[in-house]
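Here the structure comes first, spelled out in structure tokens, and everything after it is commentary.
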Amino acid sequence: MLSLSSLRRFHPHAAYAAKRASVFAVAAVACFCMTVQPVLAQAISLITDDETLQLLKDYEDPIYRAAGLDPAALHIYLVNDPEINAFAAGGQNIFVNTGLFMKLDTPNEVIGVLAHETGHIAGGHLTRGSVAASKASIPMLVAMAAGVAAMIAGAGSAGMGVFMLGQQVAQGQFNAFSRAQEGTADQMGQKYLRATKQSGRGMLKTFQKLADEEAMSAYHIDAWARSHPASRERIAELEDIIEKSPYKDVPDSPESLRRFAMVKAKLFGFTADVDVVLRKYPPGDESAPARYARAIAYMRKPDLAKAQSEIKSLIAEHPDNPFFHQVLGQIYVNMAKPELGVPSLQKASDLYPEGTEIRVELAAAQLATENVKYAQPALDNLKVALQKESDNAFAWYETALAYSMLNNEPMANLATAERYYSIGAYPQAQRFASIAQRGLSQGTPDWQRANDIISISAAEKKNRD
């Protein structure tokens with residue numbers, strides 16, 4: 001992604017946009033600090049990556065349907081943390097650590113963890129006690145965190161939107177599970193695995209790994225081991241259930257193993273120290289996952305020539321892989337050549353039109369070219385992305401920039417109001433909606449939307465006061 005400084009440098013109407021961005025940055029920080037920190041002690045980083053989230057969705061959807069739940073109602077969040085951990089929180093939300101890919105060995109192990117967490121959701125374990133009190137807070141906190149991401153756009157690794165979310169609520173939720181609830185979630189998870197004709201051994205292997213880790217050290221164990229205690233009795237019960245399954249020996253398919261290896265490499269490339277990545281995936285390793293990891297690590301180093309060489313070799317072999325084209329586009333943007341990045345990101349979007357992150361990155365690159373011919377295409381991409389993620393504050397920032405580039409300041413102000421609204425910064429949302437409304441035709445849908453933001457923001461301000 002592009003930094004705000006890059007946008008100011010490239011955009012011809014940057015003064016107005018920069019002023020708006022700087023106001024937003026201060027407000028976002030203030031809102032995040034004042035509202036989140038008193039409740040949430042620790043911060044976690046949430047990652048937006050189309051490839052990884054799609055893989056998790058592909059793992060989870062059959063399990064969710066087997067549980068009698070609607071996959072469309074589930075939200076999966078990817079947490080930038082190398083520990084083995086996952087937890088269900090705030091209703092139908094599952095948070096998955098990058099460590100599940102980086103430390104576990106097979107897709108079936110990750111799927112086993114997801115099946116267990118689905119058991120907690122289907123079993124109603126999240127509606128009791130302190131969990132119920134925090135249910136409404138999760139979407140709000142995620143939206144606010146996205147606002148901070150917009151403020152610091154580009155501060156994280158390219159290609160992964162990273163934002164912050166408090167951890168204490170989530171920690172409290174999964175630590176509150178009783179041993180009985182854990183056992184129930186195990187059994188329900190195994191039921192879903194049988195229903196989807198998958199082996200239950202992955203869940204067992206993960207618990208065995210955590211039990212061994214817990215036995216070796218009382219101090220340095222993964223969060224999932226602390227919150228999901230894997231007693232020997234519990235493991236024995238799991239073994240008995242698995243042995244009765246006709247699908248206990250069903251292996252992961254070659255395609256599933258391939259996708260798992262690629263996502264593992266990608267996450268290492270983006271989140272581990274560059275030196276660690278290059279040791280795990282040394283230059284002599286010519287496998288596709290190794291080249292993928294190195295391309296990303298070289299981009300971060302930065303050694304952009306090597307990064308291009310690695311990713312172009314993958315594109316030559318797999319020209320229809322949208323995520324390889326996405327990384328090439330990111331490399332060009334990192335080289336301050338967004339005009340070269342646009343075709344690659346456009347190719348990625350064409351190959352994977354449902355990719356929200358790709359569309360937003362494409363729009364950001366288009367606007368960064370400073371070429372007005374890209375303003376409307378960028379706006380079109382952002383509108384598609386915002387239909388799926390209406391609380392994506394960075395997308396609203398880019399939308400305001402696109403409208404400003406098209407000399408449509410009322411809509412730029414409305415987009416800025418939407419951005420503030422998405423993070424719960426109601427005074428600022430009300431202010432910019434009022435400014436926008438004065439330039440919009442009365443009674444139009446946009447005028448009415450500005451009016452709605454003004455009314456809701458005023459009520460929210462009153463409630464807080």
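Throughout, read-outs are computed from the coordinates displayed, never taken from laboratory work. All values reported here derive from a predicted model rather than from experimental measurement. Reconstructed Cβ throughout: ideal geometry from the backbone, glycine too, with neighbour counts over all protein chains shown.
Give, in nm to one decimal, the length gained when the segment between residue 57 and residue 237 is fully stretched (0.36 nm per residue of separation minus the Cα-Cα distance).
Numbers: separation 180, 0.36 × 180 = 64.80 nm, distance 2.83 nm.
Going from the current span to full extension adds 62.0 nm.
Would you give the gap between the C-alpha center of region 71-114 and the C-alpha center of region 415-439, rounded to a whole Å?
Result: 34 Å between the Cα centres.
Near the amide H of residue 77, under 5 Å away, which other amide H atoms are found, from residues 5 or more places off or on another chain, if H is placed in the peptide plane?
HN-HN under 5 Å from residue 77: 94, 95, 96.
What is the order of 399, 444, 118, 196, fewest Cβ neighbours within 10 Å to most? Let's see the in-between values first.
On the way: 399 28, 444 10, 118 24, 196 16.
Ranking 399, 444, 118, 196 by Cβ neighbours within 10 Å, fewest first, gives 444, 196, 118, 399.
Calculated FRET efficiency, residue 286 and residue 340, Cβ-Cβ r, R0 35 Å, to nearest 0.05?
Given R0 = 35 Å and the Cβ-Cβ separation, E is 0.85.
Treat each spin label as a single point 7 Å out from the Cα along the C-beta direction, and report the residue 72 to residue 354 distance in nm.
With each label placed 7 Å out from Cα toward Cβ, I get 1.3 nm.
Quick one: which residues, 5 or more positions from residue 391 or on another chain, have an amide H under 5 Å from its amide H? H modelled 1.01 Å from N in the peptide plane, none for Pro or chain starts.
Distant-sequence amide H within range of residue 391: zero hits.
Tell me the label-point distance for the pair residue 279, residue 406, using the 7 Å Cα-to-Cβ offset, in nm and rounded to one decimal.
Spacing of the two 7 Å Cα→Cβ label points: 5.1 nm.
I'd like the Karplus ³J(HN,Hα) series for region 232-243: coefficients 6.51, -1.76, 1.60, θ = phi - 60°, whole numbers in Hz, and an x wherever there's a Gly or Pro.
5, 5, 5, 5, 5, 5, 5, 4, 5, 5, 5, 4
Just subtract the alpha-carbon distance of residue 65 and residue 372 from 0.36 nm times their residue separation and send over the number in nm, one decimal.
Numbers: separation 307, 0.36 × 307 = 110.52 nm, distance 4.59 nm.
105.9 nm is the gain from fully extending residue 65 to residue 372.
Per 0.36 nm of contour for each residue apart, how much would the distance between residue 247 and residue 462 grow if the chain were fully extended, relative to their Cα-Cα spacing? Don't skip to the answer; put the middle values down first.
Values: separation 215, 0.36 × 215 = 77.40 nm, distance 5.75 nm.
Full extension from residue 247 to residue 462 adds 71.7 nm.
In what sequence do 418, 370 fall when counting other Cβ within 10 Å, fewest first?
Values: 418 26, 370 16.
Least to most surrounded, the residues fall as 370, 418.
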